[in-house]
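One structure below.
The values are calculated or read from the model by the stated rules, or taken from the named source; none is laboratory data. This structure is a prediction, so every number in the text was calculated from the model and none was measured. Cβ atoms come from the backbone with ideal geometry, glycine included; neighbour counts cover every protein chain shown. Just so you know, the surface numbers come from the protein's heavy atoms only, side chains and all, with ligands and any DNA or RNA stripped out. Shrake-Rupley method; radii C 1.70, N 1.55, O 1.52, S 1.80 Å.
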Amino acid sequence: MPRWKPDARQRLVVAALNLFAEQGYDDTTVTQIAERAGLTRSTFFRHFADKREILTAGQTTLSRLLAEGIEAAPADATPLTAVAAGLERASGEMTSFNRELSPLLHAAIEANEELQRRDALKSIGMAAAMVEALRRRDVPEPAAQVAAELGVLAFRLGYTRWADPSRDEDPGELATLTRAAFDELRAAAAELR
């Protein structure tokens, strides 16, 4: 029987989030996470630098997807249309795995001040990736910053609606909810004049 099992990274994330919910983030060790996942400490460290990284591991991928979507937008797209393309790209990659783990992730972050700060940095990283992608499209800095911040707000709002555990019905695709949130925010911004 082979010792290697697939999906080690996902198993580590699930194990960690369950342990954080059961005994708290601070009282959970890397050894416990690895054991719960049926893996070794060295396997844990092949995937994550520390247990904090589990909670922000998707940030790099999310930022990359947002930037790719913006860069792939038509050349004549406005900054907001380009950001919408970025949101579409990133939202389209989210799976039911992300949705199912969201309540555990949210609980872990809400229970720990350090994790709340790291979560705030995630938003900053997302905005920075979008600003950089917009700047490569020759969008002026102020417009790029505003468009990116609206994009971050839309992603968070759409994701919150998608992952809401109190919803009885299937929320549908994250991309649909993110698009609706972005449209709401664009309309609200237009009313600020």
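Comparison of Leu134, Leu104 shows that the only residue that is open to solvent by less than 80 Å² (accessible area, probe 1.4 Å), hydrophobic (A, V, I, L, M, F, W, C) and touching a Leu at 6+ places or on another chain (Cβ under 7 Å) is Leu104.
The single condition from (1) small (Gly, Ala, Ser); (2) open to solvent by 50 Å² or more (accessible area, probe 1.4 Å); (3) closer than 21 Å to Phe20 by Cβ that Gly92 fails is (3).
Yes or no, residue by residue, for (1) in contact with a Gly (Cβ under 8 Å, 6 or more places away or on another chain); (2) farther than 20 Å from Gln59 by Cβ; (3) touching a residue at least 60 places away in the same chain (Cβ under 8 Å); (4) of a type in the set (A, V, I, L, M):
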{"residue": "Glu88", "(1), (2), (3), (4)": "yes, no, yes, no"}
{"residue": "Leu104", "(1), (2), (3), (4)": "no, no, yes, yes"}
{"residue": "Glu132", "(1), (2), (3), (4)": "no, no, yes, no"}
{"residue": "Leu150", "(1), (2), (3), (4)": "no, no, yes, yes"}
{"residue": "Asp170", "(1), (2), (3), (4)": "no, yes, no, no"}
{"residue": "Arg193", "(1), (2), (3), (4)": "no, yes, no, no"}
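Screening the stretch 73-187 for helices (runs of 4 or more DSSP H) wholly inside it with 1 or more residues that are in contact with a His (Cβ under 9 Å, 6 or more places away or on another chain) returns the ranges 141-163.
Please verify whether Ala49 is open to solvent by less than 60 Å² (accessible area, probe 1.4 Å), among the aliphatic types (A, V, I, L, M) and at negative phi, treating the condition exactly as stated. Spelling it out, it is not the case that Ala49 is open to solvent by less than 60 Å² (accessible area, probe 1.4 Å), among the aliphatic types (A, V, I, L, M) and at negative phi.
For the stretch 52-82, a residue qualifies if it is among the polar types (S, T, N, Q) and open to solvent by 20 Å² or more (accessible area, probe 1.4 Å), and the qualifying residues are Thr56, Gln59, Thr60, Thr61, Thr78, Thr81.
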